[in-house]
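The values are calculated or read from the model by the stated rules, or taken from the named source; none is laboratory data. Everything numeric in this text was worked out from a predicted model, so none of it was measured. Methodologically, a virtual Cβ is constructed for each residue, glycine included, from the backbone with ideal geometry; neighbour enumeration extends over all protein chains shown.
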Amino acid sequence: MNLNRKAFLTALLTQLGEINGKKSLHKLVYLARAFGLETGYSFRFHYYGPYSDALASDFERLLESNQVKLVDNSKYKYRLTDTFTQNASTQQSLTPDEQEKINKLIEIFGNKTPHELELYATIYFIDHHEKYVLGNGSAEDVSRNVLAKTHNVKPKYSLAEIEKAYKELEELGLLYKLPKH
């Protein structure tokens, strides 16, 4: 783990206290980008949405070193251990601005289910790709493309669910802004 990644992951996990599965962790770390946070992780599209091999590796190291453990009688919920807390106090800290952005991320997305986070992260991933990578058309065309592509790769979500999540991300100002011509 590089210091930036480790500092970010430590701050996020400390703030959360526990995480509702690895899928939730991946989606929260990915969505941190919407708040302008550079997490140090690169993501690719995976079956459940944005996925980072480096994040999976870093989290696995935390499990192996007993800093994070599976909550008893739970298949997916992880909790920080005292070992994590002791190590966290010696870690490089984030700036107040970065910490505030993590707080906002958790305020908005911290109580979402893994299923909901998968949808938000997928929409954000596709929206970013359409606007930033491809530089596609008008805002209206892009939103239609994002909705259609999200539904295409995630047919388990209804179009109404996708539209609602897209609108929420848009209202929160978390979608990539197309340059004005």
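Brief remarks on what is shown
- Of the residues screened, residue 83 is one that is farther than 13 Å from residue 12 by Cα, polar (S, T, N, Q) and outside the structural domain of residue 164 (by TED's automatic domain parsing).
- Between 124, 157, the distinction of being within 21 Å of residue 33 (Cα to Cα) and at pLDDT 90 or above belongs to 124 only.
- Residues within segment 32-65 that are of a type in the set (S, T, N, Q) and under 12 Å from the mean Cα position of the chain (by Cα), tallied: 3
- Selection count where residues are within 17 Å of residue 18 (Cβ to Cβ) and of a type in the set (D, E, K, R), scope segment 61-74: 2
Every residue, every condition in (1) buried (at least 20 other Cβ atoms within 10 Å of the Cβ); (2) under 20 Å from residue 111 (Cα atoms); (3) touching a helix residue (DSSP H, G or I) at 6+ places or on another chain (Cβ under 9 Å); (4) at pLDDT 90 or above, yes or no:
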position	(1), (2), (3), (4)
16	no, yes, yes, yes
20	yes, yes, yes, yes
28	yes, yes, yes, yes
38	no, no, yes, no
73	no, no, no, no
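- Contacts under 6 angstrom Cβ, first residue in segment 61-90 being farther than 20 Å from residue 24 by Cβ, partner surrounded by 14 or more Cβ atoms within 10 Å (Cβ to Cβ) and not β-branched (Val, Ile, Thr), 6 or more apart: 83/67
- Note on segment 124-161: among residues that are of a type in the set (Ser, Thr, Tyr) and part of a loop (DSSP other than H, G, I, E, B), the one that is farthest from residue 48 (Cα to Cα) is 138.
- Residue match in segment 139-146 (condition: among the aliphatic types (A, V, I, L, M), within 25 Å of residue 113 (Cα to Cα) and at pLDDT 95 or above): no
- Residue 130 vs. criteria surrounded by 18 or more Cβ atoms within 10 Å (Cβ to Cβ), in the same structural domain as residue 23 (by TED's automatic domain parsing) and within 19 Å of the chain's Cα centre (by Cα): no
- Residue list for segment 20-31, filter: touching a residue at least 60 places away in the same chain (Cβ under 8 Å) and under 12 Å from the mean Cα position of the chain (by Cα): 23, 24, 26, 27, 28, 30, 31
- Count of residues meeting criterion [assigned to a loop (DSSP other than H, G, I, E, B) and exposed (fewer than 14 other Cβ atoms within 10 Å of the Cβ)] in segment 86-112: 6
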